[in-house]
1. Under 6 Å by Cβ, and 6 or more places apart or on different chains, what pairs join a residue from the stretch 108-131 that is on the phi < 0 side of the Ramachandran plot and among the basic types (Lys, Arg) with one that is outside any strand (DSSP E or B) and surrounded by fewer than 19 Cβ atoms within 10 Å (Cβ to Cβ)?
2. When the residues of the stretch 179-192 are narrowed to those that are within 11 Å of Asn239 (Cβ to Cβ) and surrounded by fewer than 19 Cβ atoms within 10 Å (Cβ to Cβ), which ends up modelled with the highest pLDDT?
3. Confirm whether Ser174 is closer than 27 Å to Ser113 by Cα, out of contact with any helix residue (DSSP H, G or I) (no Cβ under 8 Å at 6 or more places or on another chain) and hydroxyl-bearing (Ser, Thr, Tyr).
4. Hey, does the stretch 79-96 have a residue that's over 14 Å from the mean Cα position of the chain (by Cα), surrounded by 12 or more Cβ atoms within 10 Å (Cβ to Cβ) and at pLDDT 55 or above?
Amino acid sequence: MRNLWIFINKYSAFFLFILFFAFSVVLVVRNNSFQRTSAINSSNRIVGEVYQRIDNFRDYLHLTEANEVLAKENAALRAQLQGSHFSNTAVTGQDSLPEVRYTFLEANVINNSVHQKNNYLTINRGSRHGIKKGMGVITSKGVVGIVLNVSEHFATVQSFLHADTKVSASLANSKAFGSLVWGEGNPDPKKALLKDIPNHIKVLKGEKVVTSGYSLFPAGLPLGHVLETGLQSGDSFLNISVALDIDFNTLQYVYVILDKMAAEKEALEDKTKENG
């Protein structure tokens, strides 16, 4: 307490100046409409900026929750797209309501590798959520990979950036299809190679590359666009350099494809192989 009184006595002149200055400001603002209006506007602006910063901070704290809500909404909307449905009528020309074949479950990427020869991801969805080995994983910008192993709460995904991953892809204009692969030559997480396209097909630089629908993934999903068209592979086929739409370095939310007809399709194909 003694030190406080010493401090006040030492700077008493300064404190008196502040007191009289504040009192004079109050008198000026109270007795002059222009100054009063200016003071109110200034205080409102300052208070508004404080509230804006508080609101921004609050929004930041809830950003993860908002992203999860948006991911769920996107999954529901994706299931409503035309490519997710199939017609169940056997009579040509007969009207029928399309049935949903593909549904999508949102998941958060909790581990990811990009610069290895064979890359993997981990997502926070597992068997209790309906995830099974062999399911496809996508984003709105392309194919992420294929579910490899599943536990109750998590699943590992063999990334598209893996030497053993192949995706059936087609050129958007000609519909010619081949296999999109990664890792040949000088691996680049932003590029892939479209193989087995017949060399008589006219390929345009910048042409879109999409899923063909002949594998785990619905037809028409974006994959990338053509970078180079003149790469020859033997006499009959072209190798086409493709720039991927998806950025594997920034993956946060993905969608696991739940195909209600997958088991039937696999059983039939396995039976065909046995008979062959």
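The values are calculated or read from the model by the stated rules, or taken from the named source; none is laboratory data. Everything numeric in this text was worked out from a predicted model, so none of it was measured. With ideal geometry, Cβ positions are generated from the backbone for all residues, glycine too; neighbour counts draw on all protein chains shown.
1. Note: pairs meeting the criteria are Arg128/Glu152.
2. That would be Ser179.
3. Numbers: closer than 27 Å to Ser113 by Cα: no; out of contact with any helix residue (DSSP H, G or I) (no Cβ under 8 Å at 6 or more places or on another chain): yes; hydroxyl-bearing (Ser, Thr, Tyr): yes.
No; evaluated as a whole, the condition is false for this residue.
4. No.
Okay, residues lined up against (1) at pLDDT below 95; (2) within 24 Å of Gln252 (Cβ to Cβ); (3) crowded, with 22+ Cβ neighbours inside 10 Å:
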{"position": "Ile110", "(1), (2), (3)": "yes, yes, no"}
{"position": "Val114", "(1), (2), (3)": "yes, yes, no"}
{"position": "Gly130", "(1), (2), (3)": "yes, yes, no"}
{"position": "Gly136", "(1), (2), (3)": "yes, yes, yes"}
{"position": "Lys141", "(1), (2), (3)": "yes, yes, no"}
{"position": "Leu148", "(1), (2), (3)": "yes, yes, no"}
{"position": "Leu194", "(1), (2), (3)": "yes, no, yes"}
{"position": "Ile197", "(1), (2), (3)": "yes, no, yes"}
{"position": "His200", "(1), (2), (3)": "yes, no, no"}
